[in-house]
1. Six or more apart or on different chains, Cβ atoms under 6 Å: show the pairs whose first residue is in region 64-83 and over 22 Å from residue 139 (Cα atoms) and whose second is surrounded by 10 or more Cβ atoms within 10 Å (Cβ to Cβ) and among the hydroxyl-bearing types (Ser, Thr, Tyr).
2. Can you tell me which of 105, 125, 83 is of a type in the set (Lys, Arg), closer than 26 Å to residue 234 by Cα, in contact with a Ser or Thr (Cβ under 9 Å, 6 or more places away or on another chain) and away from ligand 2 (no atom under 16 Å from the Cβ)?
3. Identify, please: which residue in region 150-172 is free of Cβ contacts under 8 Å to residues at least 60 places away in the same chain and among the β-branched types (Val, Ile, Thr) and is, among those, farthest from ligand 2 (Cβ to nearest atom)?
4. Name the residues in region 208-236 that are in contact with a helix residue (DSSP H, G or I) (Cβ under 8 Å, 6 or more places away or on another chain), more than 16 Å from ligand 2 (Cβ to nearest atom) and of a type in the set (A, V, I, L, M), would you?
5. Residue check: is residue 139 crowded, with 16+ Cβ neighbours inside 10 Å, at pLDDT 95 or above, farther than 27 Å from residue 253 by Cα and within 16 Å of ligand 1 (Cβ to nearest atom)?
6. Scan (1) within 27 Å of the chain's Cα centre (by Cα); (2) not assigned by TED's automatic domain parsing to the domain that holds residue 148 for the single condition residue 89 breaks and write down its number.
7. Return the only residue of 159, 181 being basic (Lys, Arg), surrounded by 15 or more Cβ atoms within 10 Å (Cβ to Cβ) and farther than 23 Å from residue 90 by Cβ.
8. Just give me the residues in region 184-234 being in contact with an Asp or Glu (Cβ under 7 Å, 6 or more places away or on another chain) and crowded, with 21+ Cβ neighbours inside 10 Å, in sequence order.
Amino acid sequence: MKNQIDEKRDNNAVDKKIKRRSFIAYLTFLTVGLSAFEGWKWLYHAPSETPGVTGRARKPLRAALNKTESFFKQFFSPDHLVKTYPKSWAAKNVRVNSDIGMTDKNFNPENWSLSVLRSDTDVLKISLKELRELPKTEIVFDFKCVEGWDQIQHWGGVKFADFITHFRLEAHTGMAYVGMKTPDGKYFVGLDMESAMHPQTILAYEMNGQPLIPQHGEPLRLIIPVKYGIKNLKRIGTISFSNQRPADYWAMRGYDYYSGL
Ligand SMILES: Nc1nc2c(c(=O)[nH]1)N[C@H]1C(S)=C(S)[C@@H](COP(=O)(O)O)O[C@H]1N2
Ligand SMILES: [Mo]
């Protein structure tokens, strides 16, 4: 049986413990809060990256993005294939997303040809007929848009790697990047060479076994399953090669340049 004095002593000890713990909790809260605020202030006042192909992010944020990119690049392998599906799974009503670089009323797919810039002064022109004569590659995969939708779609065309070999462009694949633009130059993407040469990357002229309709990029569009939709340029006009990052429409507006999946 405890007497009253003992009980009081116990209560005092408990009180002290509670006080000490509240103090520690409060101090932790204050420290975490202050460092978060200081961190935010540091980031807010950090200089912006040098203007260029990307969208003026704060330098530390861009550094983090670049780290993520090199981290993901380590896992990139031409042997690592995107999951494919049976043709019967492909959507019949294929979503149309946007049409930047596809609004020129005078554009006539009949007069179209693909321009490959072998150098600043040497342009190789290729007709759709020539591309159709090459072996056809088809793919049914889950197309993903950064805006948050995805759809299983069926595309057909020339594998980019086959296109390179056929037109003797192998030497150009020693460069780090491929650039693609619409004929009017209003939509453009930059791709790292490894992703462009990935065995599932195709220059597509068919969707669901039919020639492309204007909204999906008639006569030729890029299908690059290892990237988000933004890189899948519709209505290709020119293809170029470079060691510097080519201009990229969405990267200039702040999106991730790599946009890999
Ligand atoms: N020329 C051109 N290509 C483009 C775009 C665009 O606006 N213009 N949008 C991109 C985006 S964000 C997506 S998700 C896909 C959509 O392709 P779809 O309209 O065939 O579904 O095209 C990509 N290619
Ligand atoms: Mo998109």
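The values are calculated or read from the model by the stated rules, or taken from the named source; none is laboratory data. What you see is a predicted model, and the numbers here were worked out from it, not measured in a lab. Here the Cβ positions follow ideal geometry from the backbone for every residue, glycine too, while neighbour counts run over all protein chains shown.
1. Every condition considered, the pairs that remain are 69/258.
2. Matching residue, one of 105, 125, 83: 125.
3. If we take residues in region 150-172 being free of Cβ contacts under 8 Å to residues at least 60 places away in the same chain and among the β-branched types (Val, Ile, Thr), then 165 is farthest from ligand 2 (Cβ to nearest atom).
4. 220
5. Details: crowded, with 16+ Cβ neighbours inside 10 Å: yes; at pLDDT 95 or above: yes; farther than 27 Å from residue 253 by Cα: yes; within 16 Å of ligand 1 (Cβ to nearest atom): yes.
Here the answer is yes, as residue 139 does meet what is asked.
6. Of (1) within 27 Å of the chain's Cα centre (by Cα); (2) not assigned by TED's automatic domain parsing to the domain that holds residue 148, only one is false for residue 89: (2).
7. Only one candidate qualifies: 181.
8. 188, 189, 190, 212
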